[in-house]
1. Trp370 to Ala173: FRET efficiency via 1/(1 + (r/R0)^6), r the Cβ-Cβ distance, R0 22 Å, to the nearest 0.05?
2. In whole Hz and in residue order, list the ³J(HN,Hα) couplings for the stretch 139-145 that follow from phi through the Karplus curve 6.51 cos²θ - 1.76 cosθ + 1.60, θ = phi - 60°; x for Gly and Pro.
3. Beta carbons within 10 angstrom, averaged per residue: use that to sort the peptides 224-234, 238-248, highest first.
4. Using a Förster distance of 35 Å, how high is the FRET efficiency between Ala321 and Thr349, based on the Cβ-Cβ distance and rounded to 0.05?
5. What does the highest-first list of 161-169, 180-188, 249-257 look like by mean Cβ count within 10 Å?
6. Which of the peptides 110-117, 279-286 is most tightly packed, and how do the rest follow, judged by the mean count of other Cβ atoms within 10 Å per residue?
7. Between Glu201 and His22, what is the spin-label point distance in nm, taking each point 7 Å from the Cα along the Cα→C-beta axis?
8. Taking amide H positions as placed in the peptide plane 1.01 Å from N, state which residues far from Arg38 in sequence (5 or more) or on other chains have amide H under 5 Å from it.
Amino acid sequence: MSVDAELRARAAKVIPGGMYGHLNAALHGERYPQFFARAQGARQWDVDGREYIDLMCSWGPMIVGHRNPVVEAAAAAQQARGDCLNGPGPIMVELAELLVETIPAADWAMFSKNGTDATTQALMVARAATGRTRVLVAHGAYHGADPWCTPGLSGVTPNQRADNVEFAYNDLASAEAAAAAGDVAAILVTPFKHDSFEDQEFAEAEFARGVRALADRIGAALVIDEVRAGWRLDLRGSWEGFGVRPDLSAWSKAMANGHPVAAVTGVEALRGPAQTLYSTGSFWFSASAMAAAKATLELLRDTGGVALMERAGERLRAGLAAQASAHGFVVNQTGPAQIPWLSFAGDETLAQGIAWAGHCLAEGVYLHPWHNWFLSTAHTDDEIDRALLRTDAAFGKLRTEFGAA
C-alpha cells in the first residue's frame, strides 16, 4: 500500500469521508494524490515522493513560490516575537498602510483569515451602510463556502440565499433587471468570470463601467471579489485598467503566499459603517501571517511580479497551443495568462480534459481539468519549459487514447 493510500484509509476512520471540500482528491480523479509532504519554489512532492511542477499554486495562495525565503523570514521573525497575542502587533497597522498606499480604492482595511470571511464581511459593511438586504450576484459565480454563497449543498437552506438576486455576467441589461427587485445593498462581482467547468471570460469594459454606474444610481456598494484574482492581474485592483474603482474589495488567497490572512478594503464613505460591525475571530489578528502578507506584497511590487507571472503564462500558453496542434487537438485557452485554463473543443463531458490532466500528473505536472490554474513568480522560463516537455508527453498519451480530433 502506498503512503497516500494508507493515510486515506486512516483518515476515513477519523475524518468524515476521509477528506472534504475542494481539496478532496476523490473529486478530481483516481490519479490525484491526496497528501503532500513538502514544496519548494514551483514544485511539490507528495507523500510517496513523486515530484510535480505545480501549476495550481496550492489552488492560488502561492504567488512568489513555495517557501519563499523573504516571506518565510518575515513570518519567522514575527513568530519569534509573538503571534497570537492579547491584541494585534504593530504589523497590522503597517500592513493596512501598505494596502492603502497600494490600492487607489482603499482608504482603510480590515482583516480576517480567508476569502469567505472577506466577502461576507464586505457585504456586512454594505448592508450596514445602506440599511438594505439584497445582493446582486452573477449566476454560477463562486464567492466562498458559507451558506449565503454556496448553493445546492448539504446543510444549506433556501432562506440563507434568499437575499441573493442573480444576473448574467457581462450582461448589463441582466444586472439592471436584477436591480429592479429593489432593496439592493451591494453588487458583488468577480474581476473576470472564472466559474469551474466553463471557459473563462474577461469582463467587458462596458459591463464594468455599467455596473459601477448602476451601483451609483441605486445607492448600492460595488464590491469586487478579488479573492481569486487579486495580486495577479494588477496590484492596484483588477479593474483599475478600466478606470473602475469599487467601494469595497475582498482579498485573500495569494495575499501572504500561503499564510492565512484576508482583508476587506474600502472607500472613505464606508469607514463609519465598517466600524459599527462586530466582526472578529480568535485568530484574525495573529501577527505572523500579516508579516508574511507585507513581505509578499512588497516583493511583488519591487520585482514587477505581475509582469513576471504574465510572461510565464504567455510562454506556457504558446507552448500548449503548439503541442495541441501538433498532436491534432483543438483546445481553448481562456482567462488571463497568469490565471489560465485549458479545455478541449467539443469535450462536453470533460473526458479528454480529465484524461489529459491525469497524463500530466503521471508526467509530473500538477494542473486541473475543470478549475483554473495559477502561476507564480517562481515559474521561471526554465520551469515552464520543463513543464512543457511533460505536457507534450501527456498530449502524446492522449492521442494514443483518443486519437486526433
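1. Calculated transfer efficiency: 0.15.
2. Computed from phi, the couplings for the stretch 139-145 are 4, x, 6, 9, 10, x, 10 Hz.
3. Numbers: 224-234: 25.6, 238-248: 20.9.
Put in order of decreasing packing, that is 224-234, 238-248.
4. Details: r = 23 Å, r/R0 = 0.65.
Computed FRET efficiency for Ala321 and Thr349: 0.95.
5. Ranked by mean Cβ neighbours within 10 Å, highest first: 249-257, 180-188, 161-169.
6. 110-117, 279-286
7. Going by the 7 Å Cα→Cβ label model, 1.9 nm.
8. Trp45
Throughout, read-outs are computed from the coordinates displayed, never taken from laboratory work. Predicted model only: the values in this text are computed from it and were never measured. Because the Cβ atoms are built from the backbone with ideal geometry, glycine has one as well, and the counts that use them run over all protein chains shown.
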